[in-house]
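Here is the structure we will look at, set down as structure tokens.
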Amino acid sequence: RILLGAAVLAHKYVHDERLSNSYWAKVSEIFSCESIGVMERDFLMVVDYDLQVQEYDIMGHHEGLRA
């Protein structure tokens, strides 16, 4: 659920032409349009509606991978 919610929001954030929740429900084959909407809202609440990624966020993970 978290991964799908993140993927839906990432796609909507990056692309001007968004895919509908009915499309995501069809692709997932297990979730309804309503549950996709709930996943989006839940994910937004978890990240405090902040979808921007800063360079220091990326570099922090990069250093851990290099170690």
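Odds and ends about this structure:
- Highest average packing first - 26-32, 39-45, Cβ atoms within 10 Å: 39-45, 26-32
- For the chain, alpha-carbon Rg over 2.2 N^0.38 Å: 1.30
- Extension reserve of the Asp16-Gln54 stretch, reckoned as 0.36 nm per residue once the Cα distance is removed: 11.6 nm
- Positive minus negative residues near Glu40 (Lys, Arg vs Asp, Glu; Cβ under 13 Å): +2
- Two tests apply to each whole DSSP H helix in the chain, Cα reach of 30 Å or more along its axis and mean Kyte-Doolittle hydropathy of at least 0.0, and none passes both.
- Here's how it looks for Phe31: its modeled amide H is under 5 Å from none belonging to a residue 5 or more places away or on a different chain.
- Around the Cα centre of the chain, unit charges on the Cβ atoms of Lys, Arg, Asp and Glu (plus for the first two, minus for the last two) sum to a dipole of about 240 debye.
Coordinate-derived values only; no laboratory data. All values derive from a computational prediction rather than experimental measurement. Neighbour counts run over all protein chains shown; Cβ positions are idealised from the backbone, glycine included.
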